[in-house]
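Below is one structure, written out as structure tokens; comments come after it.
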Amino acid sequence: MLYNGRMPPLLEARGLTKRYGSTVALDSVNFQVNEGVTGLLGPNGAGKSTAIKLFLGLIAPTGGSAEVLGKTTYDDPDSRAQLGYMPEHECLPSSVTAAEFLMYMAQVSGIPPSQARTRAADVLRHVGLDEERYRSIGEYSTGMKQRVKLAQAIVHDPVLVFLDEPTAGLDPDGRQEMLSLVERTARTFGISVVLSTHLMGDVERTADSIIVLESGAVARSGEVAKLTEETETLHVEVADRRDEFAAALAARGVQAESRGDLFIIQGAREDDYDRVRDAAVDAGARLRRLSLERLNLTDIFRAGAA
């Protein structure tokens, strides 16, 4: 199906609204999700889980539409086969092994039994549970259970997978391991990811693009690289002869704020690089760092709230 002469986005919300009585969970939101890793960021209650359930077809919208490859899953349940879902809540059977559970989930998705066994083994190896696959899930740690939840979400090789708070309950090391696994899933299997979280660091670490929900509305969206693009603030750090370097900069008309060995040049122009180099040569100072400042997402949203 073509969308204005091209393939449709993986997901598209058009005027998407969901009300629960007098409570508005989503208020006529519009956004698209394309290939890669998309961060769905927002505090608890922002509408993230509601949006996921609407795309999965688990609930119907009050207004607007939630489309998957140009179709709505609540009208066309077959399109749901293109999606995977890792829920936030505890949902795993405790008395079966991970191997048994993954084989079952693969067969439920339509994979023949002989292929389901191989696929389950491959996916459990991918998530780092190859040696633990014959243990009962009830014996697993929180981190291992999170890996099983991810495995069941991708065992049928979906086009896109929703991960709802995948680092919930994990310690810092476990969190970093899970985020690395999310990155490998997108890269190795070519499965696009919607990472729903309230943790900005998770999005900054893994996502190509970001959609920020606040109080049921889209507060911000775009490519992470563009949102965090380099500013025109130049950072120059010298290893020695800082006073001589400061004087050489001033002699060339370069205004710099000094913080010890670090010099900060606001609104740097292209020819300022040449002036910095010449000042370092004249002062006999060794340059330790010369870089443009790059904002992180925390800086961006702090500035937006100011």
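If I filter the stretch 247-298 down to residues being in a loop (DSSP other than H, G, I, E, B) and at pLDDT 85 or above, which single residue comes out as nearest to Gly201 (Cα to Cα)? Spell out the reasoning first.
Going residue by residue through the stretch 247-298, those that are in a loop (DSSP other than H, G, I, E, B) are 252-256, 260-261, 266-271, 284-286, 295-296.
If we keep only those that are at pLDDT 85 or above as well, we get 252-256, 284-286.
On the way: Arg252: 40, Gly253: 39, Val254: 35, Gln255: 34, Ala256: 31, Gly284: 40, Ala285: 36, Arg286: 34 Å.
Filtering first and then ranking leaves Ala256.
Looking only at the stretch 157-198, which residues are open to solvent by 30 Å² or more (accessible area, probe 1.4 Å) and either of a type in the set (Gly, Ala, Ser) or in contact (Cβ under 8 Å) with a residue 60 or more places away in the chain (or both)?
So the first thing to find is which residues in the stretch 157-198 are open to solvent by 30 Å² or more (accessible area, probe 1.4 Å), and the list is 157, 159, 168-173, 175-177, 180, 183-184, 187-190, 198.
Result: Val159, Ala168, Gly169, Ser180, Glu183, Thr188, Phe189, Gly190, His198.
If Pro43 passes every condition in (1) closer than 13 Å to Gly216 by Cα; (2) modelled with pLDDT under 95; (3) surrounded by 19 or more Cβ atoms within 10 Å (Cβ to Cβ) but one, which one does it miss?
In the conditions (1) closer than 13 Å to Gly216 by Cα; (2) modelled with pLDDT under 95; (3) surrounded by 19 or more Cβ atoms within 10 Å (Cβ to Cβ), Pro43 misses (3) alone.
Glu223 - would you say it is in contact with a helix residue (DSSP H, G or I) (Cβ under 7 Å, 6 or more places away or on another chain) and either modelled with pLDDT of 85 or more or hydrophobic (A, V, I, L, M, F, W, C) (or both)?
On the way: in contact with a helix residue (DSSP H, G or I) (Cβ under 7 Å, 6 or more places away or on another chain): no; either modelled with pLDDT of 85 or more or hydrophobic (A, V, I, L, M, F, W, C) (or both): yes.
No.
Take the residues of the stretch 70-98 that are open to solvent by less than 50 Å² (accessible area, probe 1.4 Å) and among the aliphatic types (A, V, I, L, M): which is nearest to Pro166 (Cα to Cα)?
Residue satisfying both the conditions and the ranking: Met86.
List every residue pair whose Cβ atoms lie under 7 Å apart, where the two residues are 6 or more positions apart in sequence or sit on different chains, the first residue falls within the stretch 199-213 and is on the phi > 0 side of the Ramachandran plot and open to solvent by 10 Å² or more (accessible area, probe 1.4 Å), and the second residue, located anywhere, is modelled with pLDDT of 90 or more and among the charged types (D, E, K, R).
Qualifying pairs under 7 Å: none.
Here's the yes/no breakdown for (1) farther than 19 Å from Met178 by Cβ; (2) polar (S, T, N, Q); (3) not in a strand (DSSP E or B):
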residue	(1), (2), (3)
Ala66	yes, no, no
Tyr85	no, no, no
Glu88	no, no, yes
Glu100	yes, no, yes
Ile111	yes, no, yes
Ser114	yes, yes, yes
Ala121	yes, no, yes
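When the residues of the stretch 214-243 are narrowed to those that are more than 19 Å from the chain's Cα centre (by Cα) and hydroxyl-bearing (Ser, Thr, Tyr), which ends up least open to solvent (accessible area, probe 1.4 Å)?
In this case the residue turns out to be Thr233.
Evaluate the following for Glu132: is it open to solvent by less than 80 Å² (accessible area, probe 1.4 Å) and touching a strand residue (DSSP E or B) at 6+ places or on another chain (Cβ under 6 Å)? It would help to see each step written out before you state the result.
Working: open to solvent by less than 80 Å² (accessible area, probe 1.4 Å): yes; touching a strand residue (DSSP E or B) at 6+ places or on another chain (Cβ under 6 Å): no.
Taking the combined requirement at face value, the residue does not satisfy it.
Only one of these is at pLDDT 90 or above and either of a type in the set (Lys, Arg) or not in a helix (DSSP H, G or I) (or both): Leu163, Leu234. Name it. It would help to see each step written out before you state the result.
Details: Leu234 fails: at pLDDT 90 or above.
The match here is Leu163.
Among the residues of the stretch 55-104, which ones are touching a residue at least 40 places away in the same chain (Cβ under 8 Å) and of a type in the set (A, V, I, L, M)?
Leu56, Ile59, Ala66, Val68, Leu69, Ala81, Leu83, Met86, Leu92, Val96, Ala98, Leu102
The values are calculated or read from the model by the stated rules, or taken from the named source; none is laboratory data. All of these numbers come straight from a predicted model, not from anything done at the bench. Positions of Cβ are generated from backbone atoms using ideal geometry, with glycine treated the same way; all protein chains shown enter the neighbour counts. Just the protein is used for accessible areas: all its heavy atoms, side chains included, with ligands, DNA and RNA removed. Shrake-Rupley method; radii C 1.70, N 1.55, O 1.52, S 1.80 Å.
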